[in-house]
Amino acid sequence: MSARDAGREIGHDASLRIVETCVREVLGEERQRAYASDLPLAEMGLGSLDLTALAARLANAFGVELDTTFLFRYSRPVSIAEHLREPRAVAAAPRSASRVAAAEPIALVGMACRFPGGANSPAAYWTLLRDGVDAITEVPPSRFDVGLYQGPSGETGAIASRFGGFLESVDSFDAGFFRISPREAAYMDPQQRLLLETAWEAFEDAGLTGTDLAGSATGVFTGIFSHDYEIVQIRSHDSHAIGGYYGTGNSSSVASGRIAYCFDLRGPAVSLNTACSSSLVAVHLACQSLRAGECEIALATGVNVILAPELSLSFSQAGMLARDGRCKTFAAGADGYVRSEGCGAVVLKPLSRAINDGDDILAVVRGSAVTQDGASNGLTAPSAPAQAAAIKGALAMAGVAAEDVAHIETHGTGTSLGDAIEVQALTAIFAGRAPDNPLVLGASKTNIGHSEAAAGMAGLIKLVLALRHEQIPPQLHCATPDPGLALDAIPAIVPNALRPWRRGFGERVGGVSSFGFSGTNAHVVVSEAPAVSRPRPAFEGERGLH
């Protein structure tokens, strides 16, 4: 009789005692006092090597096979014991879903962006993606001297990589155009400046003028994460030199409020920070606000600029950054991500209104969902069930069956554990597809790096462009996918070359995932524009401010 069978007969207490014994053996004598049955393993001080050892002990004690992500799904001794005492059946992936009646589709009618590699418009961004350009460079000396912080990953005071994805001329800004004085502009975080520029370009791309917008019930939803410019100003000024614009120039709340002020918008203006999922959560909230009637038009944005070394130092010491400065998503050699900058904006309307207004619709947001990891194995540890729940919720709102989704723009940071957990979540939803209908996975982070609060926007704009151009761009740095990810179980593929995505008899549908180390997960389901609104060429020229 295996321990698993014995556990079922003698009950939960015996199962918990077995788990406790295994955990204490891995903790060793010096860490015995850290044990508590309801405490996450990470908070007991167990690192990744410890968890590998613990998984092996548990597998042997209970006579089962445990995958590498088991202890991130069941992270406390009580939950481990309960699961191993009486294993739950894995929920079947939804094969169909009914549309939520109140969830009217949302039309995406305009967009603008700034991404590394000179991708200062959707047209330039598409060229970069289509041609498989690697936009990662060394940290510019104008940001900070990365050489002062070089050292191995995890070493105190050291940054693991000299590389990143950087925007051009973040110090350039036409303050007079936005009726901002030179003195106030000097105190403004470049993130606020970029948001104003991309907002203007996105509205222009949607055919909306200042007269159209002034006094309108237009909402602004902004994902913003870092405070580097605030740090830079504190370093460069003594307390007597900080002026009255310092507060508004560096406040995250003003990032959205300034857009509303500049364009005289009267809908909700919300700045939010869920870390790496911020801008995709902003899209979700914008869609919800439109459906609730809080606004008639919504602008969703996300921004990230790297001006100081502190976050890079922290992430290096946490072992998150790849030393070669590349996101190698789903690759056998995935070992971390590279930080980058970016800014993106999309203009949204209820689909029925966009059609009535005669808008050129770029794509349609069919559904979206946001979940939280809850008490996972550590504050920043990802959770496959929570990620799967976000995807399942978005599909349900969209009224889209899992097998009808052709392409997922993944979160895809390129960490070995993060990739494994994300594929596990995708498998829970999409497994069982026909071999001739594989799920195509992509990650813009392999081109431009991880733009953190703007990452979800980078993925969304990429997906919209792929739908418009009827092609899925190649993914970089993944010549050999990690065999341990078991992509064949879905089945899923990672394209190494430009792949056609033609219009056919059915509607083309894709999804975008974005997961924050805050534990907040977002997924958005996007479909091609309806046939009634396809007159505009797919971004043949560049528009907006330059």
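Before moving on, here are some points about what is shown:
- Each stretch of four or more DSSP H residues adds -39500 (n - 2.57); spread over every residue of the chain, this sum gives -10500 deg cm²/dmol at 222 nm.
- Largest-first principal axis extents, alpha carbons of region 367-439, Å: 38, 26, 18
- The chain - percent of accessible surface contributed by carbon and sulfur, probe 1.4 Å: 53
- Exposed loop positions in the chain were taken to be chymotrypsin sites (Phe, Trp or Tyr not before Pro) whose DSSP state is not H, G, I, E or B and which have at most 16 other beta-carbon atoms within 10 angstrom. Between these positions, the longest stretch is 246-504.
- Within the assembled protein chains, the solvent-accessible surface assigned to S142 is about 100 Å², based on a 1.4 Å probe.
- Estimated at 0.36 nm per residue, the fully extended path between R502 and R266 surpasses their Cα-Cα distance by 80.9 nm.
- Angle in degrees between helix 278-292 and the longest Cα principal axis of the chain, rounded to the nearest 10: 70
- Computed Kirkwood radius, in angstrom, where 1/r is averaged over Cα pairs of region 388-546: 16.3
- Think of the chain as having a plus end and a minus end, set by charges on the Cβ of Lys, Arg, Asp and Glu; of I421, Q288, S513, Q288 sits farthest toward the positive end of this dipole.
- ³J(HN,Hα), Karplus 6.51/-1.76/1.60, whole Hz, each residue of region 121-136, x for Gly, Pro: 7, x, 4, 5, 4, 4, 4, 4, 5, 4, 8, x, 7, 8, 9, 7
- Compared with the dominant principal axis of the Cα atoms in the chain, helix 252-263 is inclined by about 30°.
- Hull volume in cubic angstrom per residue (convex hull over the Cα atoms of region 148-232): 153
- Diffusion constant of region 191-290 at 37 °C, which comes from Stokes-Einstein with the Kirkwood Cα-pair radius and 0.692 mPa s, µm²/s: 224
- Heavy-atom accessible surface of the chain, averaged per residue, reaches 38 Å², computed with a 1.4 Å probe.
- Accessible-area order (highest first, 1.4 angstrom probe) of the listed residues I472, I231: I231, I472
- For A331, the amide hydrogen comes within under 5 Å of the amide hydrogens of D482, counting only partners 5 or more places away or on other chains and with H modelled in the peptide plane.
- Placing unit charges on the Cβ atoms of the charged side chains and taking the dipole of the chain about its Cα centre, the candidate lying farthest along the positive direction among A443, V364, Y261 is V364.
- Structural descriptor for the chain: relative contact order 21 percent, calculated from alpha carbon pairs under 8 angstrom and at least 6 residues apart.
- Which label in [x] 43, 29, 24; [y] 55, 27, 22; [z] 39, 29, 21 gives the computed semi-axes √(5λ) of the Cα gyration tensor in Å: [z]
- Here the Karplus relation 6.51 cos²θ - 1.76 cosθ + 1.60, evaluated at θ = phi - 60°, turns the backbone of region 400-407 into coupling constants of 10, 6, 4, 6, 8, 8, 9, 8 Hz, with x for every Gly and Pro.
The values are calculated or read from the model by the stated rules, or taken from the named source; none is laboratory data. These numbers come from a predicted model, not from an experiment. Note: ideal-geometry Cβ built from the backbone for every residue, glycine included; neighbour counts use all protein chains shown. What goes into the accessible areas is simple: the full protein's heavy atoms, side chains included, and nothing from ligands, DNA or RNA. Shrake-Rupley method; radii C 1.70, N 1.55, O 1.52, S 1.80 Å.
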